[in-house]
Amino acid sequence: MKVKIHREGQNIIALILAGLVVINGVLIWLAPVGVWASVLVVSIILFLLVLNFFRLPHRHFPGDRDGVVVSSVDGTVVALEEVMEDEYLHRKVLQVSVFMSIFNVHANWVPVAGEVTEVKHHNGRFMAAYLPKSSTENERSAVVIKTKGGDEVLVRQIAGAIARRIVTYVEPGEQVDIDDFIGFIKFGSRVDIYLPVGTKVNVKLGDKTIGGVTEIARLK
């Protein structure tokens, strides 16, 4: 099956491939067999990891879409708690956070269908994304989506210790669905989703999620 590569990774993959070809070509010409063979194996593994990172799988949620909240990303649920959200919603909400490792696909899906009402980027630090403070202190992008039922859902794309670029595709006034992409985070981090208190959550800490497919909650 043909592997589709996300547009955010096409130039990076081309540069990495070119660099690895040059390095290995020089080593094959100059270095002993044991040296260049070892470097070649490491180069292949590295290239496959980057290829997997920027892979763009085709996904479609198979179940009932009425009120569904899907995971925005592939990863592991690292936070599930009631918090006070003061930047946008200014009320108590349920926070569901999913951490992505370098081994996960890093495309970000829209978690709920509705209208984008606000998009804003915040400069910040680059702490490890699994730390609780990363939600409010790290480089991040915030997207508020108002569902057809009137619920407001906040999505935060958060940079991590390695990630240095957050890309957000949606804009205020745009109608979005759970099959759409909300953006991309390059090289590891997390996504927080803030839901109304009382929302039925269908995941627990440590659960693995699949972006655009795993039902993490169901709005009332």
Point to revise | Cross-link partners of residue 92 among lysines (Cα-Cα below 22 Å; sequence separation of 8 or more within a chain) | key: 120, 133, 146, 148, 200, 204, 220
Exercise for review: Could you tell me how many degrees, from 0 to 90 and to the nearest 10, lie between the Cα long axis of helix 10-30 and the main elongation axis, the longest principal axis, of the Cα atoms of the chain?
Suggested key: 20 degrees
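Among 152, 174, which comes first, then next, by fewest other beta-carbon atoms within 10 Å?
Values: 152 20, 174 15.
Ranked by crowding around the Cβ, least crowded first: 174, 152.
What does the C-alpha gyration tensor say about the overall shape of the range 10-53? Classify as rounded when a/c is under 1.5, otherwise prolate if a/b is larger than b/c, or oblate. Kindly include the intermediate steps, with their values, before the conclusion.
Numbers: a/c = 5.64, a/b = 1.79, b/c = 3.15.
It comes out oblate by the Cα gyration axes.
Rounded, prolate or oblate: which fits the range 68-218 when a ≥ b ≥ c are the square roots of the eigenvalues of the alpha-carbon gyration tensor, with rounded for a/c under 1.5 and prolate only if a/b beats b/c? Mind showing how you got there, number by number?
Numbers: a/c = 1.27, a/b = 1.20, b/c = 1.06.
Rounded, because the longest to shortest axis ratio a/c is under 1.5.
What does the charge count around residue 200 come to, taking other residues whose C-beta lies under 12 Å from its C-beta (Lys +1, Arg +1, Asp -1, Glu -1)? Mind dumping the intermediate values first?
Details: positive: 218, 220; negative: 215.
Spelling it out: positives minus negatives among the neighbours equals +1.
Would you order 98, 78 from fewest to most other beta-carbon atoms within 10 Å of each residue's own beta-carbon?
On the way: 98 25, 78 18.
Sorted ascending by nearby Cβ count, the order is 78, 98.
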**Study point:** Spin-label model distance (nm) - residue 201 vs residue 91, 7 Å beyond Cα toward Cβ
**Key:** 1.8 nm
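Bear in mind these aren't lab numbers, they're just calculated from the coordinates by the rules spelled out. In this text, all values refer to a predicted model and were calculated from it rather than measured experimentally. Backbone-built Cβ (ideal geometry, glycine too); neighbour counts: all protein chains shown.
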